[in-house]
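Step one of this worksheet: look at the structure below.
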Amino acid sequence: MKKTQFEILPTALLEDYCGHVSQTMAEKFDALKDSELSVDAFSFYTSVSAVFSSKIEGEKMELDSFIKHKLMGVKFTPDHTQKIDDLYEAYQFAKKTPLNEDSVKEAHTLLTAHILQKQQRGALRTGNMFVTTSDGKIEYVACAPGIVKTEINKLYNDIAVLLNTELRIEEAFFFAALIHLAFVKIHPFNDGNGRTARLLEKWFLAQKLGDKAWFIQSEKSYYTDHQTYYSNIRLLGLEYELLDYNRALPFLLMLSEALE
């Protein structure tokens, strides 16, 4: 790609990243294909994405049960399916919608329908945000509320530039993962940030590389190794203003490894 100065996305690791990823990445991507279970009214890989992205956040439903629910009409209690149904709809929305600030807000509105109150869906947070461990310890302090809008707008501006820039497949994967990471670190919403970031990553890839990107089982891969997923996110540091993106390579490589 041509040398570009981005507002928030650092490119220092791009060359190192390209040296680490598989030289057969393009072949593996081209070999992706939809499942035989997918029909006009049901997408198997959207189900995989929605279920495993939700399981990362603590939802208990298994993929087999969700497929029975979506494809065969098996009834479960609403509490068991609603959040995953909402995320499924957000993925379906993204598949047919250009990626930009307004569409990300709409996707967030959809996926938080049973997580946040109506006025908070798609709305930037106005309070402090801490990510805590299960035992109540602070593991990350997101950017201060006074700069949330500035920082997320920088990211949206960088995404717009990238969408209009010719990228090799390795570069597209690099920036998709970097967008995911930057979004999580900004933590712009009151909740649903992880689900939105994982959707955004794949959404960007699909915009750059085509619909086969939706078949990558990245969310499943992240869930399967979710302790490493979280530890790699934590590698950058405890506070937003002190993040060290030179330590991001282990996280950035996880998306490419989902092709294996």
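The values are calculated or read from the model by the stated rules, or taken from the named source; none is laboratory data. Here the structure is a predicted model, which means the values were calculated and not measured. Positions of Cβ are backbone-derived with ideal geometry, glycine not excepted, and every protein chain shown enters the neighbour counts.
Descriptive notes on the structure:
- Helices (runs of 4 or more DSSP H) contained entirely in region 141-237, each with at least 3 residues that are buried (at least 22 other Cβ atoms within 10 Å of the Cβ): 148-163, 169-186, 193-209, 218-224
- All positions within region 207-229 that are closer than 14 Å to residue 53 by Cβ and of a type outside the set (D, E, K, R): 214, 216, 217, 218, 221, 222, 223, 224, 226, 229
- The selection criterion, being among the hydroxyl-bearing types (Ser, Thr, Tyr) and under 19 Å from residue 180 (Cα atoms), does not hold for residue 132.
- Within region 238-260, considering residues that are in a loop (DSSP other than H, G, I, E, B) and among the aliphatic types (A, V, I, L, M), the one nearest to residue 33 (Cα to Cα): 259
- Of all residues in region 78-89, none that is free of Cβ contacts under 8 Å to residues at least 40 places away in the same chain has its Cβ atom under 8 Å from the Cβ atom of a residue that is outside any helix (DSSP H, G or I) and aromatic (Phe, Trp, Tyr), 6 or more apart or on another chain.
- Hey, residue 55 of a type outside the set (A, V, I, L, M, F, W, C) and exposed (fewer than 15 other Cβ atoms within 10 Å of the Cβ) or not: no
- Unmet criterion (only one of (1) more than 19 Å from residue 243 (Cα to Cα); (2) not in a loop (DSSP other than H, G, I, E, B)) for residue 115: (2)
- Filter result (under 24 Å from residue 61 (Cβ atoms) and of a type in the set (Ser, Thr, Tyr)) within region 82-131: 88, 91, 109, 112
- Extreme residue, nearest to residue 117 (Cα to Cα), among residues of region 66-75 that are surrounded by fewer than 20 Cβ atoms within 10 Å (Cβ to Cβ) and in contact (Cβ under 8 Å) with a residue 12 or more places away in the chain: 69
- Residue in region 89-98 that is at pLDDT below 95, in contact with a helix residue (DSSP H, G or I) (Cβ under 7 Å, 6 or more places away or on another chain), closer than 29 Å to residue 228 by Cα and part of a helix (DSSP H, G or I) present: no
- Taking every residue in region 109-133 that is closer than 12 Å to residue 190 by Cα and pairing it with any residue that is among the charged types (D, E, K, R) and part of a loop (DSSP other than H, G, I, E, B), at least 6 positions away or on another chain, the pairs with Cβ-Cβ distances below 7 Å are 109/121; 112/121; 112/191; 115/191; 116/191.
- Subset of region 31-43 [surrounded by 13 or more Cβ atoms within 10 Å (Cβ to Cβ) and modelled with pLDDT of 95 or more]: 32
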